[in-house]
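The block underneath contains the structure these notes are about, expressed in structure tokens.
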Amino acid sequence: MAGYLIAVVAFTLPFALGVSGFGRSRIVLGVGGVLAAGWVISLAENRAKDTNGNPFIPLWFLAGLVVLLYAIWCGGLWLGVRLRRIRRATPG
């Protein structure tokens with residue numbers, strides 16, 4: 001359930017920033033990239049410290065999940081910006 005919540009937040013936050021025009025696209029993408037890189041580093045560190053007998057999950061799989069979340073982040077921003085441009089267009 002937490003994964004769905006994370007994905008919804010990863011889509012909704014940049015979507016809202018894109019629709020409102022509050023955040024510039026480069027800044028929102030940069031913040032998402034920094035969050036993704038930090039998350040991969042955190043997962044790698046936790047994976048190295050884990051000695052509780054939990055099943056081994058390869059780092060490439062964890063990094064792939066983070067890349068998927070970043071793609072959801074970028075898609076939310078893209079749709080938000082597109083919606084703002086459509087609403088702003090003058091008729092006629």
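The values are calculated or read from the model by the stated rules, or taken from the named source; none is laboratory data. Just so you know, these numbers come straight off a predicted model, no measurement behind them. Neighbour counts run over all protein chains shown; Cβ positions are idealised from the backbone, glycine included. The accessibility values were calculated without ligands, DNA or RNA, using every heavy atom of the protein model including side chains. Shrake-Rupley method; radii C 1.70, N 1.55, O 1.52, S 1.80 Å.
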#### Entry: Failed item, numbered, when Ile41 is tested on (1) in contact with a helix residue (DSSP H, G or I) (Cβ under 9 Å, 6 or more places away or on another chain); (2) open to solvent by 100 Å² or more (accessible area, probe 1.4 Å)
(1)
### Query
Cβ-Cβ below 8 Å, separation at least six or inter-chain, first residue in the stretch 25-44 and within 12 Å of Val67 (Cα to Cα) and in contact (Cβ under 8 Å) with a residue 60 or more places away in the chain, second part of a helix (DSSP H, G or I) and not aromatic (Phe, Trp, Tyr): which pairs?
none
